[in-house]
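Student: Structure in structure tokens, see below.
What follows draws every value from the coordinates through simple rules; no lab data is involved. All values derive from a computational prediction rather than experimental measurement. Every residue, glycine among them, receives a Cβ derived from its backbone with ideal geometry; neighbour counts consider all protein chains shown.
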Amino acid sequence: MRLGKVLVAGVIATGLLATSALADYNKGYKYYNKYVKKKAHLKSTQLIKVLGVKTPDELKALFADNGKGLIEKLKAAGQDKAAAGVEKIIKKGKLKDLEDFLIGIMNGKIPAGCS
């Protein structure tokens, strides 16, 4: 009886952890739409092409040093509005959420309207 309660509690805890892991992706999607897509009219899949990254590790390297590599690459590609949007996301402290969202895009998790 006691073992059953422990197992049920473990299943519930695992479900809660899985839900919170998705929250970062969803927050990143929200901030991307608000600050990058609406301002620069650049869909997330197009952003990946503009950045010229092929693997999630290459994308993570751009996010190192508080996203400076990402901003520099966007400005070099002539995407100043997108770079300004990313800077606003950084000021809000949501760079990790944006990174999780873009890695999700690279892994094939593309929400409707972003392709």
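Student: Convert each backbone phi in the range 73-81 into a coupling constant with the Karplus relation 6.51 cos²θ - 1.76 cosθ + 1.60 (shift: θ = phi - 60°), then list the ³J(HN,Hα) values in order as whole Hz, x for Gly and Pro.
Tutor: 5, 5, 5, 5, 8, x, 9, 5, 5
Student: Another question, then. For Ala77, enumerate residues with amide H under 5 Å from its amide H, sequence gap 5+ or separate chain, H modeled in the peptide plane.
Tutor: Distant-sequence amide H within range of Ala77: zero hits.
Student: Over the Cα atoms of the range 24-106, Rg to Rh with Kirkwood Rh, two decimal places?
Tutor: Result for the range 24-106 is an Rg/Rh of 0.90.
Student: What is the fewest-to-most order of Thr45, Thr55 by other Cβ atoms lying within 10 Å of their Cβ?
Tutor: Lowest to highest Cβ neighbour count: Thr55, Thr45.
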